[in-house]
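Structure first, then comments.
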Amino acid sequence: MSTAFAGTGRLAVSMLRADRVRVPVWVLVMVAFVAYAAGGIPAVMGEEGLQARAEVMKEPAGAMMAGPGYGIEDYSIEILMANEMLGMFAVMVAIMSLLLVVRHTRAEEEAGRTELVRAAPVGRYAQLTAALIVLVAANAAVALGMGAALVGTGMEPVLDAWVFGAGLGAVGLVFGAAAALTVQLSSNARAASGMAGALVGAAYVLRAVGDAQAPGGSVLSWLSPIGWVQQMRIFAGLRLEPAWLAAGAVVVLVSAAYALAARRDVGAGLLPERRGRANATPAGRTLLGLTARLERPRLVWWAVGLFVFGALTGSLAGPMSEVMREQPQLLAVLGVDPGDDDAMANLVSEAMGMFLMFFAMAVAVYAAAAARGLLGDETACRSELALSAVMPRAWWLGAPLLVSLLGSTALLVVSGVGLGAGASAAIGPAAVGDFALAALAYAPLLACWAAAAMLLYGAGRGSAVLWVALIAAFVIGMYGRLLDVPQAVQDAEPFSMVDAMALVGGDGDWTPLWVAGIVAAVLSAAAMIAFRRRDLAA
Amino acid sequence: MEPVIEIEKLVKNFGRVRALDGLNLTVAPGEVHGFLGPNGAGKSTTIRVLLGLLRADAGTTRLFGGDPWKDAVDLHRRLAYVPGDVTLWPKLTGGEAIDLLGGLRGGLNATRRGELLERFDLDPTRKGRTYSKGNRQKVALVAALASDVDLLILDEPTSGLDPLMELVFQETVREAVARGATILLSSHILAEVEALCSRVTIIRDGADVQTGTLSELRRLTRSSVVLDADVAPDELSVLDAVHSLTADDSRLRFSVDDGGMGAVLSVLAGRTVRSLTATPPSLEELFVHHYGAAADRSGSDGAGRGAGAETTRKAAHRA
Ligand SMILES: Nc1ncnc2c1ncn2[C@@H]1O[C@H](COP(=O)(O)OP(=O)(O)OP(=O)(O)O)[C@@H](O)[C@H]1O
Ligand SMILES: [Mg+2]
């Protein structure tokens with residue numbers, strides 16, 4: 001049996017070597033952010049600011065974005081970190097971990113290198129085990145780095161600070177283990193990371209809804225690995241029991257992965273591959289039709305995910321309006337009479353509209369990946385094949401860009417419909433159409449992301465810049481005020497420029513939409529020009 | 001002596017596709033065994049089963065007397081493998097890739113590594129992603145040939161090599177054999193097969209159709225004859241051994257079954273024979289003959305395979 005692990009050490013060393021820059025960058029970015037937030041927030045907000053913030057986080061909508069709200073009665077910077085930041089870091093660590101595992105297992109196998117390696121005296125479990133060793137190492141770095149950052153900024157109790165880091169590492173292990181399982185299922189690395197990524201999304205949605213349902217979370221929060229670390233009540237009466245859930249999940253997932261790895265053929269997945277048709281359908285003979293068809297499964301999964309999350313978010317409209325009714329002073333300030341149902345519905349609908357921005361940001365992730373398929377084609381030399389046939393280079397970018405634009409627009413509508421459907425119980429059936437229309441206001445902006453992705457591809461650059469910009473926009477949109485980001489920067493954040501609900505109400509500013517549309521057109525044209533000028537990679 | 005490779009009635013299915021359908025293959029120690037067959041015949045699949053990368057569905061497979069799936073790691077210490085399509089680590093240099101593969105095997109013969117790099121004219125300092133197809137192939141070849149192993153499994157190892165490198169490859173294989181290695185060589189390059197292989201096995205549709213030395217295989221195929229003699233075409237075409245006879249001007253062209261030449265000569269006895277040339281089948285003819293039936297069938301790439309294999313095999317012999 002022990003021969004099944006032969007070669008693990010050497011493989012682990014070469015994987016660590018391959019990751020010697022990537023993983024430290026992930027960890028350092030997170031550590032730097034924690035250090036900045038921990039140092040900056042108290043100085044900016046002061047005691048009263050923190051308490052005001054706590055009021056927001058007590059509401060279901062706040063809980064949904066942040067966490068279960070332990071210790072929220074006496075909001076301090078420590079509790080703010082645990083309540084609001086932990087969930088976001090958990091998602092980052094989860095994504096880092098699942099990508100790491102897929103990169104070292106299925107992606108290698110799909111490329112054909114595993115075959116070469118396994119023809120040497122290398123055991124059946126060696127590659128998986130080596131990847132898990134690297135996973136543990138990376139998450140140990142996360143745990144120590146984050147813990148040290150919190151301790152270093154003077155967070156107390158020190159034990160809780162270290163648990164903060166360790167809890168994040170545990171989340172990473174759980175999702176890394178989940179990826180170890182999904183890579184056994186699909187023979188395709190992208191599908192494997194897609195499945196594991198969907199699990200991260202599901203975990204976030206479960207805890208979001210669970211935390212919104214009741215202070216301290218509901219049973220749904222306990223179904224989510226991200227929920228487990230938030231349930232450890234870090235800085236608010238630490239309890240370690242949820243860690244057992246994570247440990248159990250890791251054991252189960254990893255055992256399942258090993259059991260499947262032992263049985264299967266190299267290169268194969270356990271999900272069957274269907275045979276396709278011998279001839280292309282009429283649509284499959286045009287580039288546009290082909291791109292659309294290849295995009296369809298991804299689009300469908302995104303749509304399902306966004307609709308569910310939208311509907312769940314929308315269903316919070318009910319609790320939200322109740323909370324508002326309980327705050328007569330607030331309503332008085334806003335000039336709304338709690339007895340006036342129409343006015344109340346308007347207020348709630350406006351509050352819900354805020355969520356549209358986050359949905360638009362999620363769809364921007366989809367749009368920014370517009371050129372991903374092209375890049376894969378180019379590395380696999382399919383571009384060479386197609387472009388040597390009669391195919392204008394501009395259209396080679398144009399077709400996927402168009403598909404991506406239509407896809408993002410469809411996803412925006414789906415999010416709006418989901419949000420509206422969820423909220424219609426509280427606001428009335430008109431909400432469905434209103435939110436769908438309002439969501440459309442982000443379409444020009446998303447066109448910019450897609451076109452920017454194309455420009456980077458066309459110029460032969462990596463898309464890292466785009467992801468950094470997207471994360472920055474997200475962080476500024478979500479935490480800008482909290483972190484006291486300069487007002488000019490906050491104003492420059494593109495997503496908050498679009499006042500979607502006001503546009504539907506008929507009194508919004510259309511300028512950002514026009515500008516975004518023009519910018520998108522310019523970027524697209526630049527992308528095509530740049531692509532015409534550069535060499536194709538071999 | 002115990003065979004190095006011994007495969008009997010091997011069956012491998014990919015879902016509903018039957019890739020191997022009762023394949024037999026025996027490779028004796030010290031032999032260079034050619035493993036031939038049309039595209040999609042199942043050569044790479046057989047090799048992957050031998051390497052323990054795929055799990056057989058039925059049949060027995062023995063490698064050095066062991067089970068390639070269960071004893072994979074121990075068996076792999078004694079063999080090296082070169083696939084027909086090598087993907088390298090994009091960020092490792094060729095030299096690093098060779099050392100990684102060698103290191104996993106417990107070390108390489110450093111002198112031979114340097115020598116091979118020189119002979120294959122390979123620059124080991126370039127990154128994996130910058131190598132051309134042929135140079136990627138060389139990286140895997142150097143890694144395999146620089147290790148001291150008892151068996152080399154080569155699956156179209158020279159696809160993409162230029163003719164000069166092809167010759168270097170042939171030399172290095174002969175040296176490996178001189179060191180006592182056994183070689184299983186799958187190839188579509190007939191000159192290479194002819195130059196290297198002591199025995200060959202031809203497979204089609206997942207089953208072996210012929211195995212033997214090249215001269216044995218030649219004997220199974222007809223020689224072609226060009227004859228200028230005072231003889232009427234009918235006198236020859238009635239013979240069982242004579243096929244596809246055509247006459248032009250004064251010449252007759254026909255093919256003769258192995259062992260049928262005697263009958264032809266007895267007809268010619270006492271006649272005026274101005275010229276007679278009999279050519280044994282060329283390699284191409286040999287393979288066209290054995291591959292042929294598969295190419296005639298549509299969707300030969302594993303489609304609709306099954307009980308038909310046996311009948312097509314016979315049909316091939318009659319053809
Ligand atoms: N992973 C797989 N899934 C499904 N079918 C497969 C798979 N691998 C091989 N096959 C099928 O098995 C059959 C044998 O393929 P194999 O690669 O062994 O052929 P080959 O003899 O090596 O051909 P070539 O000369 O083209 O390399 C083919 O019909 C092929 O389509
Ligand atoms: Mg092959």
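The values are calculated or read from the model by the stated rules, or taken from the named source; none is laboratory data. All of these numbers come straight from a predicted model, not from anything done at the bench. So basically every Cβ, Gly included, is an ideal-geometry build from the backbone, and we count neighbours across all protein chains shown.
Summary table below
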read-out: So residue A:333, is it over 19 Å from residue A:60 (Cβ atoms), at pLDDT 75 or above, surrounded by fewer than 18 Cβ atoms within 10 Å (Cβ to Cβ) and out of contact with any strand residue (DSSP E or B) (no Cβ under 9 Å at 6 or more places or on another chain); value: no
read-out: The lone exception for residue B:58 - which of (1) more than 23 Å from the chain's Cα centre (by Cα); (2) more than 16 Å from ligand 1 (Cβ to nearest atom) it fails; value: (2)
read-out: Of all residues in the stretch A:1-32 being in a loop (DSSP other than H, G, I, E, B) and within 9 Å of chain B (Cβ to nearest Cβ), the one that is surrounded by the fewest Cβ atoms within 10 Å (Cβ to Cβ); value: A:6
read-out: Those residues of the stretch A:218-245 which are assigned to a helix (DSSP H, G or I) and farther than 18 Å from residue A:182 by Cβ, in sequence order; value: A:221, A:222, A:223, A:227, A:228, A:229, A:230, A:242, A:243, A:244, A:245
read-out: In the stretch A:104-117, residue surrounded by the most Cβ atoms within 10 Å (Cβ to Cβ) [restricted to those that are in contact (Cβ under 8 Å) with a residue 60 or more places away in the chain and not small (Gly, Ala, Ser)]; value: A:106
read-out: Test result for residue B:29, within 16 Å of ligand 1 (Cβ to nearest atom), under 28 Å from residue B:196 (Cα atoms) and not charged (D, E, K, R); value: no
read-out: Tabulated pairs, the stretch A:244-272, first within 11 Å of chain B (Cβ to nearest Cβ), second of a type in the set (Asp, Glu), C-beta under 7 angstrom, 6+ apart or interchain; value: A:266/A:109; A:266/A:115; A:267/A:109; A:267/A:115
read-out: Candidate set: the stretch B:41-55, residues that are under 29 Å from residue A:123 (Cβ atoms) and more than 14 Å from every other protein chain (Cβ to nearest Cβ); chosen: the one farthest from ligand 2 (Cβ to nearest atom); value: B:42
read-out: In the stretch B:1-11, the residues that are in a strand (DSSP E or B), away from ligand 1 (no atom under 13 Å from the Cβ) and crowded, with 17+ Cβ neighbours inside 10 Å; value: B:5, B:6, B:7
read-out: One residue from A:71, A:87, A:67, A:46 being surrounded by fewer than 20 Cβ atoms within 10 Å (Cβ to Cβ), touching a Lys or Arg at 6+ places or on another chain (Cβ under 9 Å) and more than 14 Å from every other protein chain (Cβ to nearest Cβ); value: A:71
read-out: Pick from the stretch B:68-84, criterion under 15 Å from residue B:105 (Cα atoms) and within 16 Å of ligand 2 (Cβ to nearest atom), ranking: surrounded by the most Cβ atoms within 10 Å (Cβ to Cβ); value: B:81
read-out: Test: residue in the stretch B:188-201 that is within 16 Å of ligand 1 (Cβ to nearest atom), crowded, with 19+ Cβ neighbours inside 10 Å, within 14 Å of chain A (Cβ to nearest Cβ) and under 24 Å from residue B:143 (Cα atoms); value: no
read-out: Residue within the stretch A:502-519 that is modelled with pLDDT under 85, in a helix (DSSP H, G or I) and under 30 Å from residue A:49 (Cα atoms) present; value: yes
read-out: Odd one out for residue B:103 among (1) more than 16 Å from ligand 1 (Cβ to nearest atom); (2) of a type outside the set (A, V, I, L, M, F, W, C); (3) within 23 Å of the chain's Cα centre (by Cα); value: (3)
read-out: Filtered residue count, the stretch B:3-32, keeping only those that are in contact with a helix residue (DSSP H, G or I) (Cβ under 7 Å, 6 or more places away or on another chain) and hydroxyl-bearing (Ser, Thr, Tyr); value: 0
read-out: Within the stretch B:20-35, tally of residues that are of a type in the set (Gly, Ala, Ser) and within 16 Å of ligand 2 (Cβ to nearest atom); value: 1
read-out: Among (1) in a helix (DSSP H, G or I); (2) of a type outside the set (Lys, Arg); (3) within 13 Å of ligand 2 (Cβ to nearest atom) - the single one residue B:38 does not satisfy; value: (1)
read-out: Pick from the stretch A:349-370, criterion within 20 Å of residue A:425 (Cα to Cα) and surrounded by fewer than 21 Cβ atoms within 10 Å (Cβ to Cβ), ranking: nearest to the chain's Cα centre (by Cα); value: A:354
read-out: Odd one out for residue A:300, checked against (1) free of Cβ contacts under 8 Å to residues at least 60 places away in the same chain; (2) within 21 Å of residue A:502 (Cα to Cα); (3) among the aliphatic types (A, V, I, L, M); (4) assigned to a helix (DSSP H, G or I); value: (2)
read-out: Options A:374, A:397, A:401; residue that is within 26 Å of residue A:297 (Cα to Cα), modelled with pLDDT under 75 and crowded, with 18+ Cβ neighbours inside 10 Å; value: A:374
read-out: Among residues of the stretch B:146-161, those that are away from every other protein chain (no Cβ under 13 Å) and within 12 Å of ligand 2 (Cβ to nearest atom), counted; value: 2
read-out: Conditions (1) within 13 Å of chain A (Cβ to nearest Cβ); (2) farther than 12 Å from residue A:117 by Cβ; (3) free of Cβ contacts under 8 Å to residues at least 60 places away in the same chain; (4) of a type in the set (Gly, Ala, Ser): number failed by residue B:80; value: (3)
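Table: residues versus (1) buried (at least 19 other Cβ atoms within 10 Å of the Cβ); (2) more than 9 Å from chain A (Cβ to nearest Cβ); (3) of a type outside the set (Val, Ile, Thr).
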site	(1), (2), (3)
B:57	no, yes, yes
B:66	no, yes, yes
B:86	yes, no, no
B:94	yes, yes, yes
B:107	no, yes, yes
B:137	yes, yes, yes
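To keep it simple, each residue is scored yes or no on (1) more than 12 Å from ligand 1 (Cβ to nearest atom); (2) among the basic types (Lys, Arg).
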| site | (1), (2) |
| --- | --- |
| B:13 | no, no |
| B:18 | no, yes |
| B:25 | yes, no |
| B:46 | no, no |
| B:53 | no, no |
| B:64 | yes, no |
| B:69 | yes, no |
| B:73 | yes, no |
| B:80 | yes, no |
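Yes/no per residue for (1) within 14 Å of another protein chain (Cβ to nearest Cβ); (2) touching a Cys at 6+ places or on another chain (Cβ under 6 Å); (3) not charged (D, E, K, R):
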| residue | (1), (2), (3) |
| --- | --- |
| A:76 | no, no, yes |
| A:82 | no, no, yes |
| A:124 | yes, no, no |
| A:130 | yes, no, yes |
| A:134 | no, no, yes |
| A:138 | no, no, yes |
| A:144 | no, no, yes |
| A:151 | no, no, yes |
| A:159 | no, no, yes |
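A quick yes/no check of all residues on (1) modelled with pLDDT of 95 or more; (2) buried (at least 22 other Cβ atoms within 10 Å of the Cβ); (3) not in a helix (DSSP H, G or I):
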site	(1), (2), (3)
A:95	no, no, no
A:121	no, no, yes
A:142	yes, yes, no
A:156	no, no, yes
A:160	yes, yes, no
